[in-house]
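Let me begin by presenting the structure, written as structure tokens, before commenting on it.
The values are calculated or read from the model by the stated rules, or taken from the named source; none is laboratory data. On a predicted model such as this, the values are computed, not experimentally measured, just so you know. In this analysis, Cβ positions are derived from the backbone assuming ideal geometry, glycine residues included, and neighbour counts consider all displayed protein chains.
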Amino acid sequence: MIPQPLDLTAPSPPSVLELRGISKRFPGVVALDDVSFDLRAGEVHVLVGENGAGKSTLVKILSGIYQPDAGEILLDGRPVTLPDPHAAQELGISTVHQELNLVPHLDVGRNMYLGREPMRAGGIIDWPALYRGATAQLAALGMTFDPHTRVRGLGVALQQMTEIAKALIAEARVLILDEPTAAITAEESEQLFRIVDRLRGQGAAIVFISHHLEDAYRIGDRVTVLRDGKHVATQPLAGVSTRNLIQWMVGRELTQQFPERPHAPGPVALRVDGLNRQGVLHDIAFAVRQGEIVGLAGLVGAGRTEVARAVFGIDRIDSGEIEVHGQKVRITNPNEAIRHRMALLPEDRKQQGLVLLLSVADNVVMAAPGKISSLPGIAPPGRRVSTADRFIEALRIRTPSARQRTMNLSGGNQQKVVLAKWLLTEADIFFFDEPTRGIDVGAKVEVYRLMNELLARGAAIVMISSELPEVLGMSDRILVMREGRIVAELDGPSATQESVMTLAAAAEEVVA
Amino acid sequence: MSQPADVGTVEGAAQPGPRWWPFPGIQLGTISQTLGPLISLIILSLLLWTQQDVFMSSNNWLNIARQASFNAILGIGMTFVILTGGVDLSVGSIVAVSSVVGGMLIINQGWSMWPAVLMMLLAGGLCGLVNGLIITLGRIPPFIVTLGTMQVFRGLALQLTNGQPIFDITKVQPEFDIWGTRNLGGVPSPVIITAVVFVIGYLILRYTRLGLYTYAIGGNEQATRFSGVKINRYKLSVYVLMGLSAGIAGVMLTSRLNSAQPNVANGAELDAIAAVVIGGTSLFGGEGTIVGTIIGALLMAVIRNGLTLMHVTAFYQQIVIGAVIILAVLIDRLRRRNAA
């Protein structure tokens, strides 16, 4: 039974920003359908919804990138138009996009003041004033790093801070944070939350978009749920349970997020011993059995992805032994890894997993064109499509046809295309790096089911994940990594979020 | 059963086509990519027709096709290179090397025609191989490498001949004119050669792994490498194909001029790149077609032919061609914006 969302009728403080009846259509898709939304001064309004719910479209309308087909935008009660991003900024609406918009070669200070440099007489930039201002602004956010630091060398979290500081220098009253916690660690998120708290205290109006519902509860005052382009609910977070939120998001009850599976590991499929890569990996040793998922947990930068890359032949290793099904092998490039029937589903699907400009069919056959034609060098398009069609059906990939470009698919369906590519190579050792990042709740469960099907067929899986519930729910064994080393092995079913986090983060205490 | 509307999770994405589009298998985007240049070609031709009756005569069209053929052959090779995200600035110089090799073998060494033509193609392919090896093994951007080899190959052609043209090849090998000046069944031989090269190029691009990976490398080299594709091997092949096209163009031009000239085809690379770009291929790689390139080469030839018929000076023609290149990219940009 899904609870009916109520709307607040009590008198409320005036809205800084209000959207009324906003609609936006794209060919074949209604991205937003009559959506209303309001934002008050001194509140953090969290926007949640599955992928494709319309969050990104809403953000793009608010930041002046898209124009709505219908509806109006009111700022302080007056209707405004946002014909382009510059206009939005002039009106005090600043957006920190998921893909950060900084100039990598310039330093933090110059980025913060880009286009608003303090001037001396005669059109000369007042550099001392610029860096003084930058330092002051960073300090106001509780940050102490040097504004002379080049942006290129900064981690994602600090780049985000720079963007926020830049928005404040632009005198933003409305700050939109689009998935700010997607690419940063838990600690960095906490730091971000403290800054958001501080800005809220100063009366800023903040829209916070996140996939993580925990984020909503940590930082949000009110939450708005979108589903399939429609407004589902706007509620104070205090009165809403996670269960309700998920139900509103998916429109159905989620009974079992992590499907059960029989636990029956077979012989060792992959054994790694004494793997070293200078400054990155130290004495990595582990084994994965057929029918088993080994989870690699750890903070961002602990070296989990690097383990997968090293074994898969992407990064050169300094020393170490790899055994596949009991046979010692040497792997120096991905091609050799694939010949030993390994598969890598990378963290960054769009950059490393798929050729977005190419069709589903072309992506599926990419790694194993020999499977679709016995003639050397030949890969007939008809066979590519018929091969892909098999996987589209088997994996339930939602696409109008195998000829559709993969860029037009949602995250979950893109992940399935990557998986189909490796199923065609008949891989039996899989590295899943953040398998459900950027994938909506419903599709996540499907990915988990597919992983279980692989296990049932005797595959061995190494899963890297930053989502602790996922690591705990899916892994038979958990290896915790810290600073390029495996520091602990835990039994999946008995491990807890606390035990994993403590091991993963312990280094900080030792160093400090 | 799958209709675009089923894809509820696609946010703000381009769809394969509007509801009225009856061929779900073929993306409208792919067609409109070549449709733009094609419509421009038709409109321009009709316009020129209203100005000059003779423009629409079959003779004039054969003339246009012949004029387009040299650029089209280079453009076909260039399409492969640009699809991988590369570029080859040395093709004009490769044409000169091929031409000079042919002239020297026939006139100075007394070779007969067929072996000489084969060597001209090989010379082109070899130049392409050199480009490809430096690009892949040295990991140097193609722009820089071919900017260098453009000078190297041109210098080679000049040095081999001491800067002097080699005239009157048909005096020794009378049959050598079949590649450039003769008509076969009423069709100029360069047009036939171009048609053959086009068919081969089309088949490679559509039906082979090389074709698949040409698009894949240009679309996302990293993802392609992570799929186990031996990137260097395919890149190398593409530059060799480009060199071979330039070799063929060299044979055609040497036959047409009945002489081997070390200064020939100066700037031909820019015309070839222009044909590719006008034909809708992205300079960033990953998307485009050879059909588009052929249309691009035809469009350039039509402009030159039509303006000549209208007694517009060659200088003005240059201005118009330049404007068309920019216009083509502008239209492409607008098309993308509408699609996105």
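Need the failing condition index for B:Gly186 against (1) in contact with a Ser or Thr (Cβ under 8 Å, 6 or more places away or on another chain); (2) of a type outside the set (Lys, Arg); (3) on the phi > 0 side of the Ramachandran plot, just the number. All conditions pass for B:Gly186, except number (1).
What are the residues in region A:377-398 that are within 7 Å of chain B (Cβ to nearest Cβ) and either among the polar types (S, T, N, Q) or under 26 Å from B:Tyr202 (Cα atoms) (or both), if any? I'd like the intermediate steps shown before the answer.
Quick first cut of region A:377-398, residues within 7 Å of chain B (Cβ to nearest Cβ) only: A:377-381, A:398.
If the condition is that a residue be within 7 Å of chain B (Cβ to nearest Cβ) and either among the polar types (S, T, N, Q) or under 26 Å from B:Tyr202 (Cα atoms) (or both), then A:Gly377, A:Ile378, A:Ala379, A:Pro380, A:Pro381 are the ones that fit.
Is it true that B:Gly110 is surrounded by 16 or more Cβ atoms within 10 Å (Cβ to Cβ) and touching a residue at least 60 places away in the same chain (Cβ under 8 Å)? For B:Gly110, the condition - surrounded by 16 or more Cβ atoms within 10 Å (Cβ to Cβ) and touching a residue at least 60 places away in the same chain (Cβ under 8 Å) - is not met.
Listed here are the residues, each with its yes/no results for (1) away from every other protein chain (no Cβ under 14 Å); (2) under 27 Å from B:Ser189 (Cβ atoms); (3) modelled with pLDDT of 90 or more; (4) in a helix (DSSP H, G or I).
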position	(1), (2), (3), (4)
B:Pro24	no, no, no, no
B:Leu38	yes, yes, no, yes
B:Asn60	yes, yes, yes, yes
B:Asn63	yes, yes, yes, yes
B:Gly75	yes, yes, yes, yes
B:Val81	yes, yes, yes, yes
B:Val100	yes, yes, yes, yes
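The helices (runs of 4 or more DSSP H) found entirely in region A:328-432 that carry 2 or more residues being within 25 Å of A:Gln290 (Cβ to Cβ) are A:334-339, A:381-394, A:411-424.
Each residue in region A:283-317 was checked for being over 27 Å from the mean Cα position of the chain (by Cα), crowded, with 18+ Cβ neighbours inside 10 Å and without any contact (Cβ under 8 Å) to a residue 60 or more places away in the chain, and 1 pass.
Against the condition assigned to a loop (DSSP other than H, G, I, E, B), surrounded by 24 or more Cβ atoms within 10 Å (Cβ to Cβ) and of a type outside the set (Ser, Thr, Tyr), how does B:Gly280 come out, does it pass? Let's see the steps before the verdict.
Values: assigned to a loop (DSSP other than H, G, I, E, B): yes; surrounded by 24 or more Cβ atoms within 10 Å (Cβ to Cβ): yes; of a type outside the set (Ser, Thr, Tyr): yes.
Yes: the conditions hold for B:Gly280.
From the list A:Glu483, A:Glu434, A:Glu467, the lone residue that is at positive phi, more than 14 Å from chain B (Cβ to nearest Cβ) and surrounded by fewer than 19 Cβ atoms within 10 Å (Cβ to Cβ) is A:Glu483. All of (1) modelled with pLDDT under 95; (2) more than 7 Å from chain B (Cβ to nearest Cβ) hold for A:Val360 with one exception: (1).
Can A:Asp348 be described as without any contact (Cβ under 8 Å) to a residue 40 or more places away in the chain, under 19 Å from the mean Cα position of the chain (by Cα) and within 14 Å of chain B (Cβ to nearest Cβ)? Yes.
Restricting attention to region A:318-332, does a residue exist that is hydroxyl-bearing (Ser, Thr, Tyr), within 20 Å of the chain's Cα centre (by Cα) and more than 11 Å from chain B (Cβ to nearest Cβ)? Give the steps one after another, and end with the answer.
Here is the first cut: in region A:318-332, the ones hydroxyl-bearing (Ser, Thr, Tyr) are A:319, A:332.
Applying the additional criterion that residues be within 20 Å of the chain's Cα centre (by Cα) yields none.
Looking through region A:318-332, none of the residues is hydroxyl-bearing (Ser, Thr, Tyr), within 20 Å of the chain's Cα centre (by Cα) and more than 11 Å from chain B (Cβ to nearest Cβ).
One line per residue, one yes/no per condition, for (1) more than 23 Å from the chain's Cα centre (by Cα); (2) surrounded by 22 or more Cβ atoms within 10 Å (Cβ to Cβ); (3) in a loop (DSSP other than H, G, I, E, B):
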{"residue": "A:Ala157", "(1), (2), (3)": "no, no, no"}
{"residue": "A:Gln160", "(1), (2), (3)": "no, yes, no"}
{"residue": "A:Ala165", "(1), (2), (3)": "no, yes, no"}
{"residue": "A:Ala172", "(1), (2), (3)": "yes, yes, yes"}
{"residue": "A:Glu187", "(1), (2), (3)": "no, no, no"}
{"residue": "A:Gln191", "(1), (2), (3)": "no, no, no"}
{"residue": "A:Arg194", "(1), (2), (3)": "no, no, no"}
{"residue": "A:Arg198", "(1), (2), (3)": "yes, no, no"}
{"residue": "A:Arg218", "(1), (2), (3)": "no, no, no"}
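Filtering A:Asp283, A:Asp315 for residues that are part of a loop (DSSP other than H, G, I, E, B) and touching a Lys or Arg at 6+ places or on another chain (Cβ under 9 Å) leaves a single hit, A:Asp315.
With respect to the conditions (1) among the aliphatic types (A, V, I, L, M); (2) farther than 28 Å from B:Ala216 by Cα; (3) in contact with a Pro (Cβ under 9 Å, 6 or more places away or on another chain), B:Leu118 lacks only one, and its number is (3). Taking the criterion of being in contact with a helix residue (DSSP H, G or I) (Cβ under 7 Å, 6 or more places away or on another chain) and without any contact (Cβ under 8 Å) to a residue 40 or more places away in the chain, the residues of region A:473-497 that qualify are A:Val487, A:Ala488, A:Leu490, A:Ala495, A:Gln497.
Mind checking which residues of region A:174-185 are among the charged types (D, E, K, R) and either more than 15 Å from the chain's Cα centre (by Cα) or in a loop (DSSP other than H, G, I, E, B) (or both)? Of everything in region A:174-185, just one residue is among the charged types (D, E, K, R) and either more than 15 Å from the chain's Cα centre (by Cα) or in a loop (DSSP other than H, G, I, E, B) (or both), namely A:Glu179. Looking only at region A:440-463, residues that are in a helix (DSSP H, G or I), farther than 26 Å from A:Leu245 by Cα and of a type in the set (D, E, K, R) come to 1 in all. Inspection of region B:289-296 identifies at least one residue that is within 14 Å of another protein chain (Cβ to nearest Cβ), modelled with pLDDT under 95 and not in a helix (DSSP H, G or I). Screening region A:403-422 for residues that are within 10 Å of chain B (Cβ to nearest Cβ) and closer than 18 Å to A:Ala53 by Cα and picking the one that is surrounded by the fewest Cβ atoms within 10 Å (Cβ to Cβ) gives A:Met407.
Run down A:Ala308, A:Ala302, A:Ala343 and say which single residue is away from chain B (no Cβ under 14 Å) and under 19 Å from A:Glu434 (Cα atoms). Quick ask: steps written out before the conclusion?
Numbers: A:Ala308 fails: away from chain B (no Cβ under 14 Å); A:Ala343 fails: away from chain B (no Cβ under 14 Å).
On inspection, the qualifying residue turns out to be A:Ala302.
Of the residues B:Gly124, B:Gly128, the single one that is of a type outside the set (A, V, I, L, M) and farther than 24 Å from B:Thr170 by Cα is B:Gly128.
Test A:Thr144 against the criterion of being free of Cβ contacts under 8 Å to residues at least 12 places away in the same chain and either surrounded by 15 or more Cβ atoms within 10 Å (Cβ to Cβ) or among the polar types (S, T, N, Q) (or both), and give yes or no. Break it down stepwise before answering.
Numbers: free of Cβ contacts under 8 Å to residues at least 12 places away in the same chain: yes; either surrounded by 15 or more Cβ atoms within 10 Å (Cβ to Cβ) or among the polar types (S, T, N, Q) (or both): yes.
For A:Thr144, the condition - free of Cβ contacts under 8 Å to residues at least 12 places away in the same chain and either surrounded by 15 or more Cβ atoms within 10 Å (Cβ to Cβ) or among the polar types (S, T, N, Q) (or both) - is met.
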